[in-house]
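These notes concern the structure reproduced below.
The values are calculated or read from the model by the stated rules, or taken from the named source; none is laboratory data. All of these numbers come straight from a predicted model, not from anything done at the bench. Quick reminder, even Gly has a Cβ in these numbers, built from the backbone with ideal geometry, and neighbours come from all protein chains shown. These area figures cover heavy atoms from the full protein model, side chains too; ligands, DNA and RNA do not enter into them. Shrake-Rupley method; radii C 1.70, N 1.55, O 1.52, S 1.80 Å.
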Amino acid sequence: MKRGEVLLARYRVVDEIVVGTFSSVYRGLDERLNRPVCIKLFAQVEGEGSIWRIAREHFIQEAFALSSLSHPNTLRIYDFGYLEQTGVPFQVSEYMNGGHIGELVRRTGPMVPREALRIVAMLADALDEAHSNELVHRDIKPSNILLADIGGSVEPKLADFGIAKSLVGAARANRTDTAMTDRHARMYSARWAAPEQLLGVDVDPSCDV
């Protein structure tokens with residue numbers, strides 16, 4: 001996407017934040033409500049193979065997972081669509097101005113116990129809602145805990161439900177539930193994956209805990 005491009009006649013691309021393997025993230029502006037937003041675009045490539053098809057399915061189903069949740073410490077999704085010319089999917093969500101918790105710890109050092117417990121408690125509540133909705137996140141790691149600086153207070157948001165698993169059916173999370181593709185590409189973060197994921201066995205909410 002180019003700076004200044006407008007999606008769905010509403011969301012203007014402001015600048016690029018980060019480029020990942022399967023998606024790129026942009027800061028945008030909701031011109032209808034005059035508020036900052038985050039635009040996440042799937043990174044489609046020419047001649048994509050099975051790994052890209054699976055990643056695209058995960059990307060689309062993440063929107064369904066997020067739309068089923070309403071906890072204040074879970075990232076809010078605003079919209080979803082496809083680029084007109086290419087059909088590449090994108091998501092529009094709330095914009096978090098504080099980076100992620102991994103960056104904060106690298107920048108300022110370990111948190112004091114009281115602050116760490118405050119943040120963990122909020123994230124545990126967010127996960128409790130997801131688990132109550134029969135969703136297992138499966139990718140809890142520092143870069144998926146986004147932060148907002150609100151009046152000098154750090155407020156966390158649980159993000160990236162791209163590989164969440166529904167325990168009750170495909171409609172509320174990923175229809176594709178494949179830990180590895182035929183190219184042996186792992187669809188989880190090895191450094192942060194639970195033992196169940198590494199072993200390729202069934203997961204439940206304890207995987208996130």
Contacts under 7 angstrom Cβ, first residue in the range 97-113 being within 16 Å of Ser153 (Cα to Cα) and open to solvent by 90 Å² or more (accessible area, probe 1.4 Å), partner among the small types (Gly, Ala, Ser) and modelled with pLDDT under 95, 6 or more apart:
Asn97/Ala148
Of these, Glu31, Glu62, Glu5, which one is crowded, with 17+ Cβ neighbours inside 10 Å and in contact with a strand residue (DSSP E or B) (Cβ under 8 Å, 6 or more places away or on another chain)?
Glu62
Looking only at the range 160-209, count every residue that is surrounded by fewer than 16 Cβ atoms within 10 Å (Cβ to Cβ), at pLDDT 65 or above and of a type in the set (D, E, K, R) and tell me the total.
3
I'd like to know if the range 15-24 contains one or more residues that are among the aliphatic types (A, V, I, L, M) and more than 21 Å from Met96 (Cα to Cα).
no
Does the range 64-71 contain at least one residue that is under 23 Å from Lys2 (Cβ atoms) and touching a Phe, Trp or Tyr at 6+ places or on another chain (Cβ under 7 Å)?
no
Complete set of residues in the range 77-87 that are surrounded by 16 or more Cβ atoms within 10 Å (Cβ to Cβ) and not charged (D, E, K, R)
Ile77, Tyr78, Phe80
